[in-house]
Amino acid sequence: MSIPAPAVLAPRARLFPALAAVYLAQLSRARVARIPLLFVATFQSVGIMVLMRGVVDGGSEARAVVAGSSVLVVAFVALNLLAQYFGQLRASGGLDHYATLPVPPAAVVLGAAGAYASFTVPGTLVTAVFGCLLFGLPMGGLWVLAAVVPLAGAALAGLGAALGLLAPRQELATLAGQLGMSAALLLGVLPPERMPEPVVWARDLLPSTYGVEAFAHTFAPHPDWAVVAADLAVCAAVGVASLALATWAYRRAAVR
């Protein structure tokens, strides 16, 4: 009796088609559930600017408040919610579903991160426009948000995914996401001129800081675009590093 030859497995999916499939699936799944939370994130950032209006009159401090509040919308969704999502996915065994699919780990992480970051675009734009009107800042540099949102979103989403995947329990993943968003709030919105030196050093370690700085520079009467480009380059490098960390954390969690 002859032994049949083993069946030939299908080729592993390529990165970009798999990434597109995961992105669209995540976008469709999260669209209804995340829109109310996006409203909360936008309302929170607008409320912070209204409160700071009574303390900050203008100048560089107003630029920092508006830029930090705009990027805070990204932090709420990309960092906080993504940490909770991957923490819940790991706790419920949902990673087993993705592990059985012939998709690269990077596609799962990047697809989920991209979907969550996409929800931040309307809220970030609304917050930035409202802040410019509230503090009398020019709107000519709002186009920079087209670079700030995806780059800061990538950096924060990668960090959020890593926190959710590395946390030993779902509750700790939620706590880590909340703490990360609080750090983005305190270190990103408050003007750095009023912070102690050690806090400024901690601010420089936050991935979203460079997106905030790049956006804040555009409000100057004569923006230094070289500085803006340098801040965006640093934000992009941090985003690559954080997404690589999240991919490694996914591989680690998927085999356990």
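Here Leu38 fulfils each of the conditions (1) farther than 30 Å from Arg169 by Cβ; (2) in contact with a Ser or Thr (Cβ under 9 Å, 6 or more places away or on another chain); (3) open to solvent by 10 Å² or more (accessible area, probe 1.4 Å) apart from (1). Figure legend. Inter-residue proximity from the range 132-159: first residues closer than 14 Å to Gly188 by Cβ and open to solvent by less than 20 Å² (accessible area, probe 1.4 Å), second residues assigned to a loop (DSSP other than H, G, I, E, B) and among the charged types (D, E, K, R), beta-carbon distance below 9 Å, spacing 6+ or different chains. No pairs are indicated.
Are any of the residues in the range 100-114 of a type in the set (Val, Ile, Thr) and modelled with pLDDT of 90 or more? Looking through the range 100-114, none of the residues is of a type in the set (Val, Ile, Thr) and modelled with pLDDT of 90 or more.
The rows are residues; the columns are (1) among the β-branched types (Val, Ile, Thr); (2) surrounded by 23 or more Cβ atoms within 10 Å (Cβ to Cβ).
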| position | (1), (2) |
| --- | --- |
| Gly58 | no, no |
| Ala62 | no, yes |
| Val65 | yes, yes |
| Ser70 | no, yes |
| Val73 | yes, yes |
| Gln84 | no, no |
| Leu95 | no, no |
| Tyr98 | no, no |
| Pro102 | no, no |
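Cβ separations smaller than 9 Å between residues 6+ apart or across chains give the following pairs from the range 92-104 residues that are within 18 Å of Ala167 (Cβ to Cβ) to residues that are surrounded by 13 or more Cβ atoms within 10 Å (Cβ to Cβ) and of a type in the set (S, T, N, Q): Ser92/Gln170; Gly94/Gln88.
Being under 29 Å from Phe16 (Cβ atoms) and open to solvent by less than 10 Å² (accessible area, probe 1.4 Å) holds for only one residue in Ala184, Ala117, Ala173, and it is Ala173. Restricted to the range 120-131, and to residues there that are open to solvent by less than 30 Å² (accessible area, probe 1.4 Å) and of a type outside the set (Gly, Ala, Ser), the residue that is nearest to the chain's Cα centre (by Cα) is Thr120. Of all residues assigned to the range 166-180, at least one qualifies as being part of a helix (DSSP H, G or I) and more than 30 Å from Leu101 (Cβ to Cβ).
The values are calculated or read from the model by the stated rules, or taken from the named source; none is laboratory data. Everything numeric here is computed off the predicted structure, so don't read it as measured data. So basically every Cβ, Gly included, is an ideal-geometry build from the backbone, and we count neighbours across all protein chains shown. SASA here: full protein model, heavy atoms, side chains in, ligands and nucleic acids out. Shrake-Rupley method; radii C 1.70, N 1.55, O 1.52, S 1.80 Å.
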